[in-house]
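A.B. asks: Handing you a structure now.
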Amino acid sequence: MAVSGRDGKAGQDVLRRVGEASVLILISLADGPKHGYALIQDIKELAGVELGPGTLYGALDRLERLGLIDALPADDRRHPYRITAPGAAALRVHLDSLERVSAAGRLRLRLGGI
């Protein structure tokens, strides 16, 4: 499934400019819904990056406005989020782009494959 950007280009990497925090959030949500604290802990474990609340909730707001995540009904005081189908498609496009750039960089540095 290709993702169309605002200019209508199918397959465009819409995540290129949203920032690392947004990409890490989508990766974390790819295996199921999570609330803010669970996202912070998962991202810290998977990437070694500790997101502050301002960074986290700013990125969640941006991703929700883009239609890449949905807020789910609150569970007590926790407000979980889930990745949407367009969010998963955008993440796939972004990860493919990163792999192409990484492969080109490794070749130019004569590092070979991973």
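The values are calculated or read from the model by the stated rules, or taken from the named source; none is laboratory data. All values reported here derive from a predicted model rather than from experimental measurement. We place every Cβ from the backbone using ideal geometry, glycine too, and count neighbours over all the protein chains shown.
A.B. asks: Evaluate the following for GLY58: is it within 25 Å of TYR37 (Cβ to Cβ), touching a residue at least 40 places away in the same chain (Cβ under 8 Å), outside any loop (DSSP other than H, G, I, E, B) and of a type outside the set (Val, Ile, Thr)?
C.D. replies: Values: within 25 Å of TYR37 (Cβ to Cβ): yes; touching a residue at least 40 places away in the same chain (Cβ under 8 Å): no; outside any loop (DSSP other than H, G, I, E, B): yes; of a type outside the set (Val, Ile, Thr): yes.
For GLY58, the condition - within 25 Å of TYR37 (Cβ to Cβ), touching a residue at least 40 places away in the same chain (Cβ under 8 Å), outside any loop (DSSP other than H, G, I, E, B) and of a type outside the set (Val, Ile, Thr) - is not met.
A.B. asks: Select, from GLY67, GLY112, the only residue that is on the phi > 0 side of the Ramachandran plot and surrounded by 11 or more Cβ atoms within 10 Å (Cβ to Cβ). Before the answer, list the steps.
C.D. replies: Working: GLY112 fails: surrounded by 11 or more Cβ atoms within 10 Å (Cβ to Cβ).
Just a single option satisfies the conditions, and that option is GLY67.
A.B. asks: A further question on this structure: Would you confirm, using the coordinates I've provided, whether TYR37 is surrounded by 14 or more Cβ atoms within 10 Å (Cβ to Cβ), out of contact with any Phe, Trp or Tyr (no Cβ under 9 Å at 6 or more places or on another chain), modelled with pLDDT of 95 or more and of a type in the set (Phe, Trp, Tyr)?
C.D. replies: Working: surrounded by 14 or more Cβ atoms within 10 Å (Cβ to Cβ): no; out of contact with any Phe, Trp or Tyr (no Cβ under 9 Å at 6 or more places or on another chain): yes; modelled with pLDDT of 95 or more: yes; of a type in the set (Phe, Trp, Tyr): yes.
Taking the combined requirement at face value, the residue does not satisfy it.
A.B. asks: For region 61-93, enumerate the residues that are of a type in the set (A, V, I, L, M), in a strand (DSSP E or B) and within 12 Å of ILE27 (Cα to Cα).
C.D. replies: Of all residues in region 61-93, those of a type in the set (A, V, I, L, M) come to 63, 66, 68-69, 71-72, 74, 83, 85, 88-91, 93.
Right, trim to in a strand (DSSP E or B) and you get 69, 71, 83.
ILE69, ILE83, listed by residue number.
A.B. asks: Oh, and also: Among the residues of region 80-110, write down those that are touching a Gly at 6+ places or on another chain (Cβ under 7 Å) and in contact (Cβ under 8 Å) with a residue 24 or more places away in the chain.
C.D. replies: Taking region 80-110 first, the residues touching a Gly at 6+ places or on another chain (Cβ under 7 Å) are 84, 86, 93, 106.
Correct list: PRO86, VAL93.
A.B. asks: Residue check: is SER22 in a helix (DSSP H, G or I) and surrounded by 15 or more Cβ atoms within 10 Å (Cβ to Cβ)?
C.D. replies: Working: in a helix (DSSP H, G or I): yes; surrounded by 15 or more Cβ atoms within 10 Å (Cβ to Cβ): yes.
Judged against the criteria, SER22 is a match.
A.B. asks: With the checklist (1) closer than 18 Å to ILE27 by Cβ; (2) in contact (Cβ under 8 Å) with a residue 24 or more places away in the chain in hand, flag the one item ALA47 doesn't pass.
C.D. replies: (2)
A.B. asks: Is at least one residue of region 84-102 surrounded by 11 or more Cβ atoms within 10 Å (Cβ to Cβ) and in contact with a strand residue (DSSP E or B) (Cβ under 6 Å, 6 or more places away or on another chain)?
C.D. replies: Checked against the condition, which is being surrounded by 11 or more Cβ atoms within 10 Å (Cβ to Cβ) and in contact with a strand residue (DSSP E or B) (Cβ under 6 Å, 6 or more places away or on another chain), region 84-102 yields at least one hit.
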